[in-house]
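Engineer: Questions regarding the structure given below will be posed in turn.
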Amino acid sequence: MIIPVFKGVDKAPNNTTVGLGRGASIAVKAAATSEGFSGKVGKSLSVWTKNCTVIFIGVGKKEILTHKIARDTGAKVLARLSKDLGSEIVVRFTSGWSPENMTAFAEGIMLRDYVFDKYQKNEDEEKHNGWKLECQAHERHLDYLTNSLKSASLVVTGVHLARDLANEPANRLYPEEFGRRALDWAEGKDNVEVEVWDYARLKKEGMEGVIAVGKGSIRKPCMVFFRLNPDQQKDQQVPCIVGKGITFDTGGISIKPTQGMWDMKYDMHGSATVFGLFQALWATGYEGRVNGITCMAENMPSAEAYRPGDVIDTYSGKTIEIFSTDAEGRNVLSDGLWKSAELNPSYIIDLATLTGACVVALGQEASGLWSNDDKLREKIHQAGNSVDELAWPMPLLPAFEKEMTSSKFADVRNGGKGRYGGANTAAAFLKQFIQDREDESGEKSAIPWAHLDIAGTAWNVDTNACVAHGGTGVHVRTLHHLITQG
């Protein structure tokens, strides 16, 4: 039993010992008021009783408790639990807790309850199949808490799916395998459609940006289309989410050093987030129409691979001069972004582990956020804040666009002129593939679009209490909140 306690409590909160025997109640009440427990954030005190272990966990002062503190504390306390004592957890919320903070605390537990061990075998230890969680609170909060926890748990299934995909090794998850898993996921779901464009279809459609990146591998590229509730809102503009899906990135001919390559299986996390988002939207019963596109390729060096100095075609009709084959994500996204405009989107959001420069700028604390539309930028920023997945607004200046359109041989260049502002120039490159459209009065304007660079937030984030290792599933929750809450 986990009992979150505020700092400064001088006696056991009401209902702390309900259900415990007399002897256990005395011990637990004594522990709650002992000098050995301060109630500071993260500080804990455990009391062993015959029927259960009671853990007091501090969450700091009640007046300054935030969703982040509650969520992170829930995650951290789960990480400390021993599986030797069983798998049933009861969280008992006492006085002073808001339903929203209760939900955040429990959500932290759910998010942290994840492990990727499918390729590990330990005959001496039975695998732990996850925890069973029960939350207890005052009766007046139970209806809200029941509904909010159910919704949170369903969204978490999307986060965990995205993590699974990101953690898969590249020999197990390659472009066409990603497509196969998407088709399997859609099977039996009446309100979901998945379509996979294989290499032959990409050639037919002129998706040369994706093809150029993926043609050096024996694992050929593909494009996967996700459609939720495709029969609804047919006459309305709806969101389209686009993901970069490089299932392994060697850098191609511009090959990466060994030290910077081993974890490049996660370079498809943008596509993993798209897949996870559709799982979360479907699981929570979202009734609106949403489109998704994932641009899948493996970037390998070979006799077939594209080269620095090449000029490649794209689906848009624009040409790209290649300065580095390791700047491949923007090439595949050029096709996906142009295609997304044909789906009559209300807005387009792309997610990509795009640049190391973004990690230099923001570390692992926030994703970079660029947009051509102030309202969309602010909505994404607020959605990220609401679920503690920070998306930090970054500049999309004309100077960056000018730099990316200054090729002497093509319409766009895929590399900047120097090392500075690399995340900004990458966003400026993507903006060249966002189409204009006319409104009812004949006025032309760019489709609202935003770019999330998740290079720093998608993998092995030491400061993210809600994930132990590997892929984070970042922005599944952000985009679910944005789409469902507006």
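Engineer: Determine, from the Cβ-Cβ distance of Asn51 and Ser346 and an R0 of 60 Å, the FRET efficiency 1/(1 + (r/R0)^6), rounded to the nearest 0.05.
Structural biologist: Here the calculated transfer efficiency is 0.65.
Engineer: Going 7 Å from the Cα of Phe409 in the Cα-to-Cβ direction, what parts of the range 305-343 have a backbone nitrogen less than 15 Å from that spot?
Structural biologist: Inside the label zone: 306-313, 319-325.
Engineer: Here is a further query. If you take every residue apart from Ala24 with its C-beta less than 14 Å away from the C-beta of Ala24, what net charge results, scoring Lys and Arg +1 and Asp and Glu -1?
Structural biologist: Working: positive: Arg22, Lys29, Lys50, Arg92; negative: none.
Within the 14 Å Cβ shell, the charges total +4.
Engineer: Enumerate the residues in the range 74-103 having an amide nitrogen under 20 Å from the point lying 7 Å beyond the Cα of Ala468 toward its Cβ.
Structural biologist: The answer is 74-91.
Engineer: Test of understanding: ordering Trp197, Trp392 by Cβ neighbours within 10 Å, fewest first, what list do you get?
Structural biologist: Trp392, Trp197
Engineer: To continue, here is another question. Among Ser148, Ser316, Ser44, what is the fewest-to-most ranking by other Cβ atoms within 10 Å? Can you show the working numbers first?
Structural biologist: Values: Ser148 19, Ser316 22, Ser44 16.
Result, fewest neighbours first: Ser44, Ser148, Ser316.
Engineer: Sticking with this structure for a sec: So which of Lys215/Lys318; Lys83/Lys256; Lys318/Lys417 end up more than 29 Å apart, counting from Cα to Cα?
Structural biologist: In this structure, Lys83/Lys256 lie more than 29 Å apart at Cα.
Engineer: Along Cα→Cβ, 7 Å out, is where each label goes; now give me the distance between the ones at Lys444 and Glu134 in nm to one decimal.
Structural biologist: Result for the modelled spin labels: 6.5 nm.
Engineer: Report relative contact order for the chain in percent, whole number only (criteria: Cα-Cα under 8 Å, sequence separation at least 6).
Structural biologist: 15 percent
Engineer: Now a separate question. Report the paramagnetic label zone for Ser324: residues of the range 266-308 whose backbone N is under 18 Å from a point 7 Å from Cα along the Cα-to-Cβ axis.
Structural biologist: 266-268, 299-301, 306-308
Engineer: Let me ask you something else. With a 10 Å Cβ neighbour count serving as the proxy for reagent exposure, in which order, fewest first, do Arg307, Arg22, Arg377, Arg330 appear?
Structural biologist: By the 10 Å Cβ count, ascending: Arg22, Arg307, Arg377, Arg330.
Engineer: How large is Rg over Rh for the range 2-138, taking Rg from the Cα atoms and Rh as the Kirkwood inverse mean of 1/r across Cα pairs? Each step should come with its number before you reach the end.
Structural biologist: Numbers: Rg = 15.5 Å, Rh = 15.7 Å.
Radius of gyration relative to Kirkwood radius: 0.99.
Engineer: Consider all pairwise Cα distances in the chain and report the whole-number % of them above 39 Å.
Structural biologist: 28 percent
Engineer: Also, I was wondering about something else. Using θ = phi - 60° and the Karplus curve 6.51 cos²θ - 1.76 cosθ + 1.60, what whole-Hz ³J(HN,Hα) does each residue of the range 259-269 get, with Gly and Pro shown as x?
Structural biologist: Result, rounded to whole Hz: 4, x, 10, 4, 9, 6, 5, 7, 6, 9, 5.
Engineer: What distance in nm lies between label points placed 7 Å from Cα along the C-beta direction at Lys234 and Arg80?
Structural biologist: Simple spin-label model gives 5.7 nm for this pair.
Engineer: Still on this model: If R0 is 45 Å, what FRET efficiency do you get for Lys61 and Asp117 from their C-beta distance, rounded to 0.05? Present the calculation step by step, with values, prior to reporting the outcome.
Structural biologist: Numbers: r = 38 Å, r/R0 = 0.85.
The pair Lys61/Asp117 has a calculated efficiency of 0.75.
All of the numbers you see were taken from the coordinates with simple rules; none came from a lab. No experiment lies behind these values; they were computed from the predicted model shown. With ideal geometry, Cβ positions are generated from the backbone for all residues, glycine too; neighbour counts draw on all protein chains shown.
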